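Since the structure comes first, as structure tokens, the remarks are kept for the end.
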Amino acid sequence: MEKKQCGAKTRSSKPCQKAALANGRCRLHGGKSTGPKDRKMHSESLKGNKNALKHGLYETIWLDTLTEEERELYQQVSNDPTVQVDNEYRLSELRIRRMLLRIQQEEQKDKPNPAEIRAIEDAITKVQMNVAALIRENGKLIDMQKQKSDGALDQLVEVLERARTKFQG
């Protein structure tokens, strides 16, 4: 009797040669998988899944995953191109707030995991370094705006106005 082979595509792009289990795949390619434990596994239940979230440094923040309080904060963020640095700063503050809440939740456990708390604190430090860079960038943008409005444009407008009245009058 010939054993059925798994046949899943391997890294070398060849079919897997291991013996298949009851569902047609070997143990490495999902043969022992029983599927999700939650029978009502829909795309809605996956939206905003935080099961594997450790510290939140790389967490994607989408509008539909924000809490009501965060939505209010988000609405206060200006979309003016001159304040894009400010927008990023505000999102960083939200990220830090979420990470601080995760530390608080970890500390409230019966046996808090110090390594996990340290990892979150390290992630907060990285975000704070990004915030410092944003503040520097904002300073550069302000300096550039000051240079653009050094009065030269106003002087040009005055010269053109005088020339116009001279030729009209």
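Quick notes
- Filter result (acidic (Asp, Glu) and farther than 13 Å from Ile96 by Cα) within segment 114-138: Glu116, Glu137
Every residue, every condition in (1) touching a residue at least 12 places away in the same chain (Cβ under 8 Å); (2) in a helix (DSSP H, G or I); (3) more than 20 Å from Glu69 (Cβ to Cβ), yes or no:
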{"site": "Arg90", "(1), (2), (3)": "yes, yes, no"}
{"site": "Glu106", "(1), (2), (3)": "yes, yes, yes"}
{"site": "Asp110", "(1), (2), (3)": "no, no, yes"}
{"site": "Ala123", "(1), (2), (3)": "yes, yes, yes"}
{"site": "Arg136", "(1), (2), (3)": "no, yes, yes"}
{"site": "Asp143", "(1), (2), (3)": "no, yes, yes"}
{"site": "Gln147", "(1), (2), (3)": "no, yes, yes"}
{"site": "Arg164", "(1), (2), (3)": "no, yes, yes"}
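- Condition check for Arg118: surrounded by fewer than 16 Cβ atoms within 10 Å (Cβ to Cβ) and part of a helix (DSSP H, G or I): yes
Yes/no per residue for (1) out of contact with any helix residue (DSSP H, G or I) (no Cβ under 9 Å at 6 or more places or on another chain); (2) exposed (fewer than 11 other Cβ atoms within 10 Å of the Cβ); (3) charged (D, E, K, R); (4) at pLDDT below 85:
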site: Gly31; (1), (2), (3), (4): yes, no, no, yes
site: His42; (1), (2), (3), (4): yes, yes, no, yes
site: Asn49; (1), (2), (3), (4): yes, yes, no, yes
site: Leu57; (1), (2), (3), (4): no, no, no, yes
site: Thr65; (1), (2), (3), (4): yes, no, no, yes
site: Glu69; (1), (2), (3), (4): yes, yes, yes, no
site: Pro81; (1), (2), (3), (4): yes, yes, no, yes
site: Asn113; (1), (2), (3), (4): no, no, no, no
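- Odd one out for Val131, checked against (1) modelled with pLDDT under 75; (2) touching a Ser or Thr at 6+ places or on another chain (Cβ under 6 Å): (1)
The values are calculated or read from the model by the stated rules, or taken from the named source; none is laboratory data. Here the structure is a predicted model, which means the values were calculated and not measured. Cβ coordinates were reconstructed from backbone atoms using ideal geometry, including for glycine residues, and neighbour counts include every protein chain displayed.
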